[in-house]
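A short write-up of the structure that comes next.
The values are calculated or read from the model by the stated rules, or taken from the named source; none is laboratory data. Being a predicted model, the structure only gives us computed values, none of them experimental. Quick reminder, even Gly has a Cβ in these numbers, built from the backbone with ideal geometry, and neighbours come from all protein chains shown.
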Amino acid sequence: MKLAIMQPYFFPYLGYFDLIHNVDLFIVYDTVQYIKHGWIHRNRILHPNKSDWQYINVPTDKSSFHSSFKTPILDITIFEAKPWREYLLGQLDHYRLHAPDTNKIINFVGDALSFKLPYISQLNVHLLEQVCILLNIGFHYLYASKLDIILDVNRSAEERILDLCHFLGATEYVNLQGGEALYDIESFNQNNIRLTFRKLPPLQYKTGDYMFIQNLSIIDVLMWNSPEKIKQYLDGHTASEE
């Protein structure tokens, strides 16, 4: 069984969906510490100046942070006092005159965000589900926080991943390419678990008068490419690499 374990990112880049597409089970790693400057509450789209990028954000409620600041992702709530959804959708307006599928994708994003959930992890998983439905790829997931296992915080990050792999009966652990520096292949071999990394070549696509920037949010990819084209691209790169 191929297993992936990842934090729930907000409208992540295409490689994240490639990972989902190439595993049997995806663990939403919501028990690890929330990092304020990570990808849980934000991502990137093109900037109206056509030569840069800008952040799109979900505001988080500071009252949900623990006094130690070591707050697990599952405890982080969304700050609803400001109309952040309307602001985010407004940030997409500049695509309208340039990208072919803007109206369709803005409506899709608006519909996906209209499903109000209190926790950022729940919202992100809902958004992942909606994108996977749009791309016609399977998304079989479990929350780490709902598994009947207590991970020892005194063990290393790699050891905890191995504990989850054993608990779930995984024969292969699949990670994004950026994880190559985090895991030791020998440790996995000694535990009879194959360690592989997804190395999806960047999808190059035309962006009109805008500068093409790699690894932006899936929202940007969808603005310029049909779901069918994206799915075809993912299907064409299905082999894992050690």
Flagged in the range 82-96 as crowded, with 16+ Cβ neighbours inside 10 Å, within 17 Å of Leu123 (Cβ to Cβ) and in contact with a Pro (Cβ under 7 Å, 6 or more places away or on another chain), in numbering order, are Trp84
Check off (1) surrounded by fewer than 19 Cβ atoms within 10 Å (Cβ to Cβ); (2) within 30 Å of Asn49 (Cβ to Cβ) for Ala99 and give me the number that stays unchecked. (1)
Select from the range 58-88 the residues that are within 23 Å of Asn215 (Cα to Cα) and without any contact (Cβ under 8 Å) to a residue 40 or more places away in the chain and list them in ascending order. Pro59, Arg85, Tyr87, Leu88
What residue, among those in the range 73-115 that are farther than 26 Å from Ser63 by Cα and touching a Ser or Thr at 6+ places or on another chain (Cβ under 6 Å), is modelled with the highest pLDDT? Tyr95
Condition check for Ile219: of a type in the set (Val, Ile, Thr), farther than 30 Å from Pro100 by Cα and at pLDDT 95 or above: no
Of residues in the range 125-158 being of a type outside the set (A, V, I, L, M, F, W, C), out of contact with any Leu (no Cβ under 9 Å at 6 or more places or on another chain) and touching a residue at least 24 places away in the same chain (Cβ under 8 Å), the one farthest from Ile73 (Cα to Cα): Asn136
Could you grab me the full set of residues in the range 209-228 that are of a type outside the set (S, T, N, Q) and exposed (fewer than 14 other Cβ atoms within 10 Å of the Cβ)? Asp209, Met211, Glu228
Under 16 Å from Phe10 (Cα atoms), touching a Pro at 6+ places or on another chain (Cβ under 6 Å) and of a type outside the set (A, V, I, L, M): does that describe Phe79? yes
Within the range 2-19, restricting to residues that are on the phi < 0 side of the Ramachandran plot and assigned to a loop (DSSP other than H, G, I, E, B), the one that is surrounded by the most Cβ atoms within 10 Å (Cβ to Cβ) is Pro8
